[in-house]
Amino acid sequence: MGDYAEAKTWINLAERDYAVALHLNDTFIPMPVEIIFFHCQSTVEKALKAVLAYYEDKIPKIHDITALLTLCKQHTDKIDIDKKIADTITDFAVVTRYVEDRRDFTEDTVEFALKQAKINLEMVKMFFEEAEGT
């Protein structure tokens, strides 16, 4: 059995990021796309770090979803994200921060970001339900 208390702390942080992304999406006009993307990426990042915490790994101070996923896969095959999606989620934390990297994102892109944040947060939560028998 792993360190569920530490992992739960990371899950709580991920859930808060997701809640912020939803709140921004639902209440702000014009929609703060770049901030929503940032929180969606952070949701997935923290969820994956919860898995690493569970296995008592040192939590790397990185934001690369693919790299975090690789570390998680050293412990379990129950955590998986398509590489293209993982790379896109990683980009959400970077391209939205710098004016020269901004793109013309649409509401469809926001929907995609929110959907991926939810899917991957739920995947990690299901992993813990199975691992902890809850």
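Only protein heavy atoms count here; on that basis, with a 1.4 Å probe, D87 has an accessible area of about 60 Å². Put a plus charge on the Cβ of each Lys and Arg, a minus charge on the Cβ of each Asp and Glu, and nothing anywhere else: the dipole of the chain about its Cα centre is then about 220 debye.
Per residue, the accessible area of the chain comes to 57 Å² when a 1.4 Å probe rolls over the protein heavy atoms. Across the options I65, G133, P32, the greatest Cα extent toward the positive end of the charge dipole of the chain (unit charges at beta carbon of Lys, Arg, Asp, Glu) belongs to I65. Between 0 and 90 degrees, the angle of helix 107-132 with respect to the longest Cα principal axis of the chain falls at about 10 degrees. Just the number, please: carbon plus sulfur as a percent of the accessible area of the chain, 1.4 Å probe, no ligands or DNA/RNA counted. That share works out to 54 percent.
Of E111, E15, E45, the residue with the greatest mean-square motion in the GNM of the chain, using alpha carbon springs below 10 Å, is E111.
Straight-line cross-link partners of K84 among the aspartates and glutamates, defined as a Cα under 16 Å from its Cα and at least 8 positions apart when in the same chain: E45, D64.
What does the net charge come to around T43 if you take all other residues with beta carbon closer than 14 Å to its beta carbon, with K and R at +1 and D and E at -1?
Working: positive: R16, K46, K49, K115, K118, K125; negative: E15, D17, E45, E122.
The answer is +2.
Per-residue SASA remark: Y18, around 40 Å² accessible (1.4 Å probe; ligands, DNA and RNA not included). For the stretch 26-39, 3J(HN,Hα) computed residue by residue from phi via the Karplus equation (6.51, -1.76, 1.60; θ = phi - 60°) reads 7, 10, 9, 10, x, 5, x, 3, 4, 6, 4, 4, 4, 6 Hz, glycine and proline entered as x.
The values are calculated or read from the model by the stated rules, or taken from the named source; none is laboratory data. Treat the numbers as computed from the prediction; the structure is a model and nothing was measured. Please note: Cβ atoms are built from the backbone with ideal geometry, for glycine as well, and neighbour counts cover all protein chains shown. Each accessible area value is taken on the protein alone, full model and side chains, heavy atoms only, with ligands, DNA and RNA left out. Shrake-Rupley method; radii C 1.70, N 1.55, O 1.52, S 1.80 Å.
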